[in-house]
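The values are calculated or read from the model by the stated rules, or taken from the named source; none is laboratory data. These figures come from a predicted structure and were not determined experimentally. Cβ: placed from backbone, ideal geometry, glycine included. Neighbour counts: every protein chain shown. For the accessible areas, the whole protein counts, side chains as well, though only heavy atoms, and no ligand, DNA or RNA atoms are used. Shrake-Rupley method; radii C 1.70, N 1.55, O 1.52, S 1.80 Å.
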Amino acid sequence: MTYIEESLSSGEKIEALFPLHWFARMPMFIWLVLAIPTIGITLILALYEYLKLKHLEQGVTNKRVILKRGIISRRTEEMKLQSIETVEIDQGIGGRMFGYGTVKITGRGISDVIFKGIDDPMSVKRQIESVSNPVG
């Protein structure tokens, strides 16, 4: 069971989980390739990158936006939907070409929640906005 599933309160349901773009896995692949000339020394770094990505969760429920990180320890950033002021997208040239980017959620008096290396950031923005500002 994932952290997001475990932390649901009564009446709360998961609206969307946001996957990482395959570009987010590039550092892991680079460390794997470098394992050949370094006689496997960089395999530890590749394993660390793999575990870091495996234990990353990002999503939105009908009550809040959640970002959870951590392999052994746990660090979460959560923002209630009522506190959201803006949802911004940051995409460079590569991000526009390959469909990845950063989604920054800004709230009232609360630190920002930032989803980095997210796949299809425009869709993520629409999903968060449709849950936080439902039509009708």
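Overview of values
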| item | result |
| --- | --- |
| Environment charge of TRP31, counting only residues whose C-beta is closer than 14 Å and scoring Lys/Arg +1, Asp/Glu -1 | +1 |
| By accessible area with a 1.4 Å probe, ligands and nucleic acids excluded, highest first: order of LYS125, LYS104 | LYS104, LYS125 |
| Span from the the stretch 106-136 Cα centroid across to the the stretch 29-56 one, whole angstrom | 31 |
| Structure-based [θ]222 nm, the chain - -39500 (n - 2.57) summed over DSSP H runs of at least 4, per residue, nearest 500 | -9000 deg cm²/dmol |
| Average projected area [Cα convex hull, the stretch 1-93], square nanometres | 8.1 |
| Derived scalar couplings ³J(HN,Hα) [the stretch 52-59; Karplus, 6.51 cos²θ - 1.76 cosθ + 1.60; whole Hz; x for Gly, Pro] | 4, 6, 5, 9, 9, 10, 9, x |
| Under 10 Å, Cβ to Cβ, from LEU56 - net charge with Lys/Arg +1 and Asp/Glu -1 | +4 |
